[in-house]
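First the structure, in the form of structure tokens, and then the observations on it.
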């Protein structure tokens with residue numbers, strides 16, 4: 001055997017000496033890498049699961065605290081306290097201004113949190129009750145106060161505040177059954193002289209959306225667990241259903257957070273990670289099959305095997321190359337690859353070799369061709385992305401005043417003001433005709449000015465005592481292109497956040513002039529203005545590279561991004577304001593040589 005090896009060519013000797021060592025090294029490396037990766041995968045999965053639960057818990061705590069604060073605001077409202085103090089008096093002795101103030105507080109709490117709050121209800125022992133609901137018409141509102149207090153006053157709950165998990169709403173009885181999550185406060189006790197209940201219903205869909213938007217695993221769910229019930233983000237698959245005793249064990253756990261392992265009804269191992277909400281002590285639990293957590297382990301095993309095989313194959317090829325002393329073709333290929341790395345994609349890798357080096361050369365040739373195709377594809381996709389982003393931003397701008405305008409027209413007709421009604425109908429027709437623009441996203445400044453003039457005419461008729469407007473645009477910029485619906489949202493802000501927030505009659509002034517190859521448009525109002533800090537926040541929000549979680553000004557940022565996407569970074573948007581005096585929005589838009597912007 002030794003003599004046979006001695007007589008073998010050097011290429012064979014190298015393969016005999018090094019291939020077994022390479023195989024052993026690569027296999028051991030692959031095995032340890034696989035075991036380490038699986039362990040790390042498991043640790044990362046548990047860490048991410050815990051992080052997901054904690055973040056979701058923090059978010060739910062914030063939302064529950066918001067609703068709790070609204071209930072406390074109503075409870076401490078002066079009008080509510082006055083009505084409560086006069087609960088035993090006759091109907092004539094009630095102060096109607098307190099009732100109005102209480103309803104105003106209801107509306108304020110609802111409007112500020114309408115995504116969360118479904119309805120509000122207050123009742124007193126003398127039979128008086130107050131409620132607010134806007135998304136439905138109930139057949140009946142109310143409940144038996146004595147029965148309600150008897151049922152819940154038995155529960156030892158500090159402060160008299162109670163939380164009810166997902167349940168059917170019996171306070172606001174509707175044709176279609178509705179589920180809500182409720183927070184209420186019992187005022188007094190059944191035997192006291194004065195008692196009542198304040199109740200705020202939260203929308204079930206709001207909480208479900210929070211839970212459903214958090215993806216814990218393909219078959220995992222989030223559950224909100226309380227003594228009176230449970231809310232799942234989605235139904236557990238039959239194979240992964242867990243026993244109710246496990247749920248009760250989580251609810252009764254004295255630990256604020258922790259992990260337990262349970263077995264489903266189909267004998268699947270289930271990982272449960274839970275944490276306690278700070279306000280109402282409910283448990284938020286992530287229920288995840290262990291198979292989901294380790295689902296990538298088999299994939300890692302296959303990838304590791306393929307990598308080991310590829311590495312072995314490459315090592316053998318390299319050994320063969322060195323043994324065969326094929327240096328010139330390798331040098332040629334190296335030079336060509338270097339040219340590619342420097343950006344020259346027109347190089348050729350063709351060789352006369354018909355062996356492994358020839359295969360490698362053909363592969364590199366194909367790779368360069370693929371890179372060229374991919375670069376062109378990426379370029380095309382980037383352009384498509386720009387167009388899609390532009391359309392997405394455009395789709396977010398819609399007229400919000402159509403309903404009110406039609407109502408105003410009807411009101412004018414009822415009053416016999418046919419001329420004003422006709423004027424408003426004509427202005428509304430022109431407003432939407434320009435707004436549609438035959439599907440064009442870019443129109444001329446002249447068209448945009450006509451569009452906003454009709455908008456102001458409509459609003460001026462509706463709010464004739466609130467403001468007057470002036471439009472002075474130089475003729476030289478009327479043909480300049482502009483994104484449709486650029487000025488109208490700014491003017492709308494001037495009316496609703498400027499003019500209507502001040503006393504007396506206001507003025508809105510729109511001016512436009514030419515500055516070289518740029519059009520400068522300004523929208524001025526002498527309304528309420530804003531503080532310096534608010535102005536800086538708005539400017540920062542407009543220029544921010546990424547939209548904030550809660551944007552300071554979505555409308556102005558939207559306008560700026562649409563202009564930049566269409567005309568480039570040379571577009572500008574600046575704001576000037578002084579609190580109590582004025583606000584000025586200034587736009588700088590470049591001219592183009594395109595002649596495609598014809599009138600509607």
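The values are calculated or read from the model by the stated rules, or taken from the named source; none is laboratory data. None of the values given here were measured: they were computed from a predicted structure. For neighbour counting, all protein chains shown are included, and Cβ atoms are generated from backbone atoms with ideal geometry for every residue, glycine included.
Observations on the model:
- Residue 466, sole failed condition from (1) under 23 Å from residue 556 (Cα atoms); (2) at pLDDT below 80: (1)
- Here residue 63 fulfils each of the conditions (1) modelled with pLDDT under 90; (2) surrounded by 17 or more Cβ atoms within 10 Å (Cβ to Cβ) apart from (1).
- Here residue 317 clears all of (1) modelled with pLDDT of 85 or more; (2) within 30 Å of residue 28 (Cα to Cα) except the condition numbered (1).
- Residue 358 vs. criteria over 32 Å from the mean Cα position of the chain (by Cα), modelled with pLDDT under 75, in a helix (DSSP H, G or I) and surrounded by 10 or more Cβ atoms within 10 Å (Cβ to Cβ): yes
- Evaluation of residue 458 against (1) surrounded by fewer than 18 Cβ atoms within 10 Å (Cβ to Cβ); (2) more than 16 Å from residue 520 (Cα to Cα) (one fails), failing number: (1)
- The set of residues in the range 485-502 that are within 15 Å of residue 557 (Cα to Cα) and not in a helix (DSSP H, G or I) comprises 485, 486.
- The range 125-149, residues that are outside any helix (DSSP H, G or I), more than 19 Å from residue 168 (Cα to Cα) and either out of contact with any helix residue (DSSP H, G or I) (no Cβ under 7 Å at 6 or more places or on another chain) or not assigned by TED's automatic domain parsing to the domain that holds residue 172 (or both): 126, 127, 128, 129
- Number of residues in the range 422-463 that are outside any helix (DSSP H, G or I), modelled with pLDDT under 80 and over 14 Å from residue 492 (Cβ atoms) equals 2.
- Residues of the range 100-117 include at least one that is surrounded by fewer than 16 Cβ atoms within 10 Å (Cβ to Cβ), within 34 Å of the chain's Cα centre (by Cα) and part of a loop (DSSP other than H, G, I, E, B).
- Scan the range 177-216 for residues that are over 20 Å from the mean Cα position of the chain (by Cα), at pLDDT below 90 and either surrounded by fewer than 20 Cβ atoms within 10 Å (Cβ to Cβ) or under 30 Å from residue 239 (Cβ atoms) (or both) and the total you get is 7.
- Test result for residue 267, touching a residue at least 40 places away in the same chain (Cβ under 8 Å) and outside the structural domain of residue 82 (by TED's automatic domain parsing): no
- Residue in the range 507-515 that is touching a residue at least 60 places away in the same chain (Cβ under 8 Å), surrounded by 16 or more Cβ atoms within 10 Å (Cβ to Cβ) and not in a loop (DSSP other than H, G, I, E, B) present: yes
- Those strands (runs of 3 or more DSSP E) of the range 221-275 in which 3 or more residues are modelled with pLDDT under 85, surrounded by fewer than 18 Cβ atoms within 10 Å (Cβ to Cβ) and within 28 Å of the chain's Cα centre (by Cα) are absent.
- Criterion: surrounded by 15 or more Cβ atoms within 10 Å (Cβ to Cβ), in the same structural domain as residue 451 (by TED's automatic domain parsing), at pLDDT below 85 and under 28 Å from residue 478 (Cα atoms) - qualifying residue of 556, 584: 556
- Condition check for residue 153 on (1) surrounded by 15 or more Cβ atoms within 10 Å (Cβ to Cβ); (2) more than 30 Å from residue 270 (Cα to Cα); (3) at pLDDT 85 or above: one failure, at (3).
- Residue match in the range 520-540 (condition: under 21 Å from residue 471 (Cβ atoms) and either surrounded by fewer than 19 Cβ atoms within 10 Å (Cβ to Cβ) or not assigned by TED's automatic domain parsing to the domain that holds residue 440 (or both)): yes
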